[in-house]
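*Asks:* Got a structure here, written out as structure tokens. Questions coming.
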Amino acid sequence: MGESMSEVIHGEIRVKTNRAIEVTDITSSIQDWVSQKGCQEGIILAFSVHTTAGMVINEAESGLMQDIESQLKEIVPPGAGYKHDRIDSNAHSHIMTSLVSPSETIPISSGSLSMGTWQRVLFVEGDGPRSRRVSMTFIGKTG
Amino acid sequence: MGESMSEVIHGEIRVKTNRAIEVTDITSSIQDWVSQKGCQEGIILAFSVHTTAGMVINEAESGLMQDIESQLKEIVPPGAGYKHDRIDSNAHSHIMTSLVSPSETIPISSGSLSMGTWQRVLFVEGDGPRSRRVSMTFIGKTG
Amino acid sequence: MGESMSEVIHGEIRVKTNRAIEVTDITSSIQDWVSQKGCQEGIILAFSVHTTAGMVINEAESGLMQDIESQLKEIVPPGAGYKHDRIDSNAHSHIMTSLVSPSETIPISSGSLSMGTWQRVLFVEGDGPRSRRVSMTFIGKTG
């Protein structure tokens, strides 16, 4: 029933974004890292190390990805008189990232991300284009 | 001070929803699973394997549960011209789920969910009624 | 590559808030706990045990912290006819907390919170001022 365990593995993956606000599917990069490290049973913490880019889990349908971008702009309109904009003009990027959160924790089973059929890990760029890093931490059993 | 540990346990619970958008208390199902598997000290990752249903943690007061449903509809209005609606007419369900996130990670102490007095795990159906699955992963020590 | 592991450590930190809706930087309290417990490699689950106060991770710039407070009030306006307000007049605090979530999971590497340069753990008080508790669970290897 249980699996004996012994490992913590740290690493990172890189994400190149192309637009100011952009939802990108990074599932295969995460799965590649999991496979490469030999992660078998446990959980993975994928953690964006940025204050203006986070992550959600949803379907990677191109229309929906644009809808998520648009709706985030509705919920946190750019340039709406934010105090932080006096310093850096990207308050909306920070607030969006606060709402979606910088990380997702995902079950790993038999060496694979254990998600639903349509679930994908979507990186949410809030202030691109930029080169981004997602730190990876696996807790569990390798094989 | 620390507890020696050795286990990863995977499983799932099922949730039957009754309305299109519905907040349901699933705390006792999660606690039952934790007890049944003998989880003692660690964390549980409860992860909805769906792109149109997620989870939050809050009070299970019936008025508040309706308020959460209504406010999610305010924040992500159904049918607001989303591109994904050309395919499936449930873009709002996907975007709501992106915002609330599909999972919660909860401390387990002495075999119980270790939350505050009023905290309950609330399943957020965004496109019901449906039969849903929540994957469960325990990391820690069994007894 | 991997680290052998054996520990689950539970504890808590306390947070004193001063205003009704207030974003506070609690990073150093969390780091102090991590150091005190000798956590080396793994993850920490910081979990607010309250239904009206949660957490986000972002930059601790004072203007931005006020922007997050203001924007949460835009997204979930206080007193907007909520059913829960008949009981307790703080429905907005509960709904805000549902959106930001009560917890953050953070990688621990070489005994430190492993976040980006500008990332800080921000406690989001939604119904203060109050004395609050954040439960801490470490999973990983101590040294």
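The values are calculated or read from the model by the stated rules, or taken from the named source; none is laboratory data. Owing to the predicted nature of the structure, the values given are computational and were not obtained by experimental measurement. Heads up, the Cβs are rebuilt from the backbone with ideal geometry, glycines too, and the neighbour counts pull from every protein chain shown.
*Asks:* Would a scan of the range A:6-16 turn up a residue that is at pLDDT 95 or above and in contact with a helix residue (DSSP H, G or I) (Cβ under 7 Å, 6 or more places away or on another chain)?
*Replies:* yes
*Asks:* In the range C:100-115, which residue that is at the interface with chain B (Cβ under 10 Å from one of its Cβ atoms) and assigned to a strand (DSSP E or B) is surrounded by the most Cβ atoms within 10 Å (Cβ to Cβ)?
*Replies:* C:Glu104
*Asks:* Condition test on C:Asp25, is it within 22 Å of C:Pro129 (Cβ to Cβ) and either crowded, with 19+ Cβ neighbours inside 10 Å or in contact (Cβ under 8 Å) with a residue 60 or more places away in the chain (or both)?
*Replies:* yes
*Asks:* Just to be sure I understand, how many residues within the range A:85-99 are more than 7 Å from chain C (Cβ to nearest Cβ) and either in a strand (DSSP E or B) or surrounded by fewer than 23 Cβ atoms within 10 Å (Cβ to Cβ) (or both)?
*Replies:* Selection size over the range A:85-99: 4.
*Asks:* Quick one: A:Ile30 ticks every box in (1) closer than 30 Å to B:Lys141 by Cβ; (2) within 13 Å of chain C (Cβ to nearest Cβ) bar one, so which box is it?
*Replies:* Status for A:Ile30: all satisfied but (2).
*Asks:* Please determine, by comparing only the residues of the range B:109-142 that are β-branched (Val, Ile, Thr) and more than 16 Å from the chain's Cα centre (by Cα), which one is modelled with the lowest pLDDT.
*Replies:* Among residues in the range B:109-142 that are β-branched (Val, Ile, Thr) and more than 16 Å from the chain's Cα centre (by Cα), the one modelled with the lowest pLDDT is B:Thr142.
*Asks:* Additional query: Inspect the range C:58-76 for any residue being more than 10 Å from chain A (Cβ to nearest Cβ) and touching a helix residue (DSSP H, G or I) at 6+ places or on another chain (Cβ under 7 Å) and give the result as yes or no.
*Replies:* Checked against the condition, which is being more than 10 Å from chain A (Cβ to nearest Cβ) and touching a helix residue (DSSP H, G or I) at 6+ places or on another chain (Cβ under 7 Å), the range C:58-76 yields at least one hit.
*Asks:* For the range A:73-83, which residues satisfy the criterion of being in contact with a Ser or Thr (Cβ under 9 Å, 6 or more places away or on another chain) and either surrounded by 16 or more Cβ atoms within 10 Å (Cβ to Cβ) or in contact (Cβ under 8 Å) with a residue 24 or more places away in the chain (or both)?
*Replies:* Correct list: A:Val76, A:Pro78, A:Tyr82.
*Asks:* Would you pick out the residues in the range A:28-54 that are surrounded by fewer than 24 Cβ atoms within 10 Å (Cβ to Cβ), outside any strand (DSSP E or B) and among the polar types (S, T, N, Q)?
*Replies:* Answer for the range A:28-54, where residues must be surrounded by fewer than 24 Cβ atoms within 10 Å (Cβ to Cβ), outside any strand (DSSP E or B) and among the polar types (S, T, N, Q): A:Ser28, A:Ser29, A:Gln31, A:Ser35, A:Gln36.
*Asks:* Sticking with this one: I'd like to verify a number: residues in the range A:91-118 that are touching a His at 6+ places or on another chain (Cβ under 7 Å) and in contact (Cβ under 8 Å) with a residue 60 or more places away in the chain, how many?
*Replies:* Result for the range A:91-118: 2.
*Asks:* A follow-up question, please. Select from the range C:86-108 the residues that are of a type in the set (D, E, K, R) and modelled with pLDDT of 95 or more and write down the one among them that is farthest from C:Ile43 (Cα to Cα).
*Replies:* Per the stated criteria, the residue is C:Arg86.
*Asks:* While we're here: What is the one condition in (1) more than 10 Å from chain A (Cβ to nearest Cβ); (2) within 17 Å of the chain's Cα centre (by Cα) that B:Val49 does not satisfy?
*Replies:* It fails just one condition, (1).
*Asks:* Within the group B:Ile13, B:Ile57, which residue is surrounded by 23 or more Cβ atoms within 10 Å (Cβ to Cβ), in a strand (DSSP E or B) and of a type outside the set (Lys, Arg)?
*Replies:* B:Ile57
*Asks:* Restricting to the range A:101-120, name every residue that is among the hydrophobic types (A, V, I, L, M, F, W, C) and touching a helix residue (DSSP H, G or I) at 6+ places or on another chain (Cβ under 7 Å).
*Replies:* A:Ile108, A:Leu113
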